[in-house]
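Undergrad: After the structure tokens below, expect a handful of questions from me.
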């Protein structure tokens, strides 16, 4: 009897366990995570655009490691970053955000688009993926790419290999070309697009303009002339930005959480100023002003004049600079700290300088005649980029001066007058013998508030000539990359160490592939 009961008990356990395992997959399914068939690409698109733009304009990354290192901005307090001592947490968070937040959203959009044959969503996702990946690889060098964003795949990859930057760039320009082919007004309409409001033609222009940026950036290592000329020669097939109306700039809303990151930062901090390098070049040490100083910087509270602060001062020296570092130096222009300031990703002005360099180097046709034309258009586009706000500032700060010089409002707008005056007297007239110094310097000026891109392009071109601060760390060398996140050495040790062995020492001075 005891044996009979024992066997009945075992049978009951087996049956019960089988019944449980029959339902295990259903019970263990996360009902809060939609399947690919259920996922909403429009919601993913909205979040990926804002998350990506927030990150590149985030104060610690975009400005303290971007704008400060390229000497557009400087710090008065907590000056470590300005002295080339970045926060490990910022480097870790940048990697995590661009991979796990915006990058993962974009990867999911691609999966959804392929499952549902949504060509426009797929094309847009390719553009966003190229932008995100280019920022990552330009910051760090070799990074996970071919095996990235596969942690939740059927065969999950949680320790992805690091691809070479050369192979990544090759694939990015190919994907942008494919994006241009996928994007069409005859395909599905797109919702959730807070960048271009569903305008597919503008996405095509962004795809091709971004492709030109990446092609030029890799031009010292790869032949790019055929690809660049193909884009320029076929505007119907490969449309690019043709005016500031095409700029890839997120229009932030007027209140949190959809306000510009600098605006949010300004609610609790007031320690960022415009660099002395920029103010001197535009205003202090020139025969005639570059009037963009008026939108880039506010008049210093104490002196009522434009005054920059040197980069890389120790905190005590910065606080006491010129008697009072906070009071007697210029804050970042109010235009760029407002809640609705644009989050610029790529501008028409930048594209013109890309084309000027390409023509000068004979990557595209036209020679020096076209190079000069593109160069002048780049300066003009930079002046007109935020025309309405810039006009108001010019009228307030320069109106009476211009009138004394002979300006008549009935004959010419104040913005046109300022531009004409700079073009004639600013000292930056195009000269083929000094083309790269001129193009590099004016691109640097035009990329104000785009700290990362300004930094990448300064690293590539080398103009204007910047000098590391006397109190800088890092052997008094301006950084040319970010070191890998400390998290990677615990989560993906084998692959990150292989990348370091291939690329060079994991520090701020090892140049990335296109920069070597």
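The values are calculated or read from the model by the stated rules, or taken from the named source; none is laboratory data. Since the structure is predicted, the reported quantities are computational estimates derived from the model, not experimental observations. Heads up, the Cβs are rebuilt from the backbone with ideal geometry, glycines too, and the neighbour counts pull from every protein chain shown.
Undergrad: Specify which of the listed residues (73, 65) is modelled with pLDDT of 85 or more, closer than 19 Å to residue 315 by Cα and touching a strand residue (DSSP E or B) at 6+ places or on another chain (Cβ under 8 Å).
TA: None of the others qualify; the one that does is 73.
Undergrad: Output the residues belonging to the range 211-221 that are in a helix (DSSP H, G or I) and more than 14 Å from residue 138 (Cα to Cα).
TA: Those that are in a helix (DSSP H, G or I) and more than 14 Å from residue 138 (Cα to Cα): 211, 212.
Undergrad: Has the range 149-170 got at least one residue that is over 27 Å from residue 461 (Cβ atoms), free of Cβ contacts under 8 Å to residues at least 60 places away in the same chain, crowded, with 19+ Cβ neighbours inside 10 Å and out of contact with any strand residue (DSSP E or B) (no Cβ under 9 Å at 6 or more places or on another chain)?
TA: Checking the range 149-170: at least one residue is over 27 Å from residue 461 (Cβ atoms), free of Cβ contacts under 8 Å to residues at least 60 places away in the same chain, crowded, with 19+ Cβ neighbours inside 10 Å and out of contact with any strand residue (DSSP E or B) (no Cβ under 9 Å at 6 or more places or on another chain).
Undergrad: I would also like to ask the following. Regarding the range 261-277, can at least one residue be identified that is under 24 Å from residue 127 (Cα atoms) and within 21 Å of the chain's Cα centre (by Cα)?
TA: Looking through the range 261-277, at least one residue is under 24 Å from residue 127 (Cα atoms) and within 21 Å of the chain's Cα centre (by Cα).
Undergrad: When you scan the range 173-193, how many residues do you find that are closer than 17 Å to residue 240 by Cα and touching a helix residue (DSSP H, G or I) at 6+ places or on another chain (Cβ under 9 Å)?
TA: Counting residues in the range 173-193 that are closer than 17 Å to residue 240 by Cα and touching a helix residue (DSSP H, G or I) at 6+ places or on another chain (Cβ under 9 Å) gives 12.
Undergrad: Related question: Looking at residue 452, is it modelled with pLDDT of 95 or more and either crowded, with 19+ Cβ neighbours inside 10 Å or under 27 Å from residue 95 (Cα atoms) (or both)?
TA: Yes; evaluated as a whole, the condition is true for this residue.
Undergrad: Condition test on residue 283, is it closer than 18 Å to residue 74 by Cα and free of Cβ contacts under 8 Å to residues at least 40 places away in the same chain? Even if it seems obvious, please write down each step before you answer.
TA: Values: closer than 18 Å to residue 74 by Cα: yes; free of Cβ contacts under 8 Å to residues at least 40 places away in the same chain: yes.
The answer is yes for residue 283.
This table checks each residue for (1) free of Cβ contacts under 8 Å to residues at least 40 places away in the same chain; (2) part of a helix (DSSP H, G or I).
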site	(1), (2)
223	yes, no
229	no, yes
232	no, yes
235	yes, no
238	no, no
249	no, no
259	no, no
262	no, yes
270	no, no
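Undergrad: May I ask you to list the residues in the range 262-295 that are under 23 Å from residue 415 (Cα atoms) and surrounded by fewer than 19 Cβ atoms within 10 Å (Cβ to Cβ)?
TA: First, pick out the residues of the range 262-295 that are under 23 Å from residue 415 (Cα atoms): 274, 278-295.
280, 284, 285, 286, 287, 288 - these are the residues of the range 262-295 that are under 23 Å from residue 415 (Cα atoms) and surrounded by fewer than 19 Cβ atoms within 10 Å (Cβ to Cβ).
Undergrad: Further, regarding this structure: What pairs come up if the first residue lies in the range 429-444 and is part of a loop (DSSP other than H, G, I, E, B), the second is crowded, with 16+ Cβ neighbours inside 10 Å, and their beta carbons are under 7 Å apart, counting only those six or more places apart or on different chains?
TA: Once the first residue is part of a loop (DSSP other than H, G, I, E, B) and sits in the range 429-444, its partners that are crowded, with 16+ Cβ neighbours inside 10 Å give 430/372; 430/375; 430/376; 430/438; 431/438.
Undergrad: Something else about it: May I ask you to verify whether residue 190 is closer than 17 Å to residue 206 by Cβ and surrounded by fewer than 22 Cβ atoms within 10 Å (Cβ to Cβ)?
TA: yes
Undergrad: Just to be sure I understand, how many residues within the range 474-495 are over 19 Å from residue 515 (Cβ atoms) and outside any helix (DSSP H, G or I)?
TA: 2
Undergrad: Can you name every residue in the range 404-441 that is more than 32 Å from the chain's Cα centre (by Cα) and buried (at least 18 other Cβ atoms within 10 Å of the Cβ)?
TA: 407
Undergrad: Looking only at the range 171-185, how many residues end up being touching a residue at least 24 places away in the same chain (Cβ under 8 Å) and either closer than 18 Å to residue 487 by Cβ or in a loop (DSSP other than H, G, I, E, B) (or both)?
TA: Residues in the range 171-185 being touching a residue at least 24 places away in the same chain (Cβ under 8 Å) and either closer than 18 Å to residue 487 by Cβ or in a loop (DSSP other than H, G, I, E, B) (or both): 2 in total.
Undergrad: Among the listed residues 289, 310, which satisfies the condition of being in contact with a helix residue (DSSP H, G or I) (Cβ under 6 Å, 6 or more places away or on another chain) and within 30 Å of residue 420 (Cβ to Cβ)?
TA: Answer to the selection: 289.
Undergrad: A further question on this structure: Scan 131, 140 and give me the residue that is buried (at least 22 other Cβ atoms within 10 Å of the Cβ), closer than 30 Å to residue 475 by Cβ and either under 16 Å from the mean Cα position of the chain (by Cα) or at pLDDT below 95 (or both).
TA: 140
Undergrad: Does residue 271 fit the bill of being modelled with pLDDT under 95, touching a strand residue (DSSP E or B) at 6+ places or on another chain (Cβ under 7 Å) and farther than 17 Å from residue 449 by Cβ?
TA: Against the criterion (modelled with pLDDT under 95, touching a strand residue (DSSP E or B) at 6+ places or on another chain (Cβ under 7 Å) and farther than 17 Å from residue 449 by Cβ), residue 271 qualifies.
Undergrad: Follow-up. When only residues in the range 34-73 that are part of a loop (DSSP other than H, G, I, E, B) and touching a helix residue (DSSP H, G or I) at 6+ places or on another chain (Cβ under 6 Å) count, which is nearest to residue 482 (Cα to Cα)?
TA: The first filter runs over the range 34-73 and keeps only residues part of a loop (DSSP other than H, G, I, E, B), leaving 34-40, 58, 68-72.
Subset that is touching a helix residue (DSSP H, G or I) at 6+ places or on another chain (Cβ under 6 Å): 36, 39, 58, 68-72.
Values: 36: 35, 39: 35, 58: 16, 68: 14, 69: 11, 70: 14, 71: 17, 72: 18 Å.
Applying the filter and picking the extreme gives 69.
Undergrad: Here is a check on your reading of the model: is residue 112 in contact (Cβ under 8 Å) with a residue 40 or more places away in the chain, part of a loop (DSSP other than H, G, I, E, B) and over 22 Å from residue 482 (Cα atoms)?
TA: Spelling it out, it is not the case that residue 112 is in contact (Cβ under 8 Å) with a residue 40 or more places away in the chain, part of a loop (DSSP other than H, G, I, E, B) and over 22 Å from residue 482 (Cα atoms).
Undergrad: Something else about it: With 136, 98 as the choices, which residue is in a helix (DSSP H, G or I) and in contact with a strand residue (DSSP E or B) (Cβ under 6 Å, 6 or more places away or on another chain)?
TA: So the residue among 136, 98 that is in a helix (DSSP H, G or I) and in contact with a strand residue (DSSP E or B) (Cβ under 6 Å, 6 or more places away or on another chain) is 136.
Undergrad: Follow-up question, since we're still on this one. Among the residues of the range 77-87, write down those that are under 20 Å from the mean Cα position of the chain (by Cα) and in contact (Cβ under 8 Å) with a residue 60 or more places away in the chain.
TA: Scanning the range 77-87 gives 82, 84, 86.
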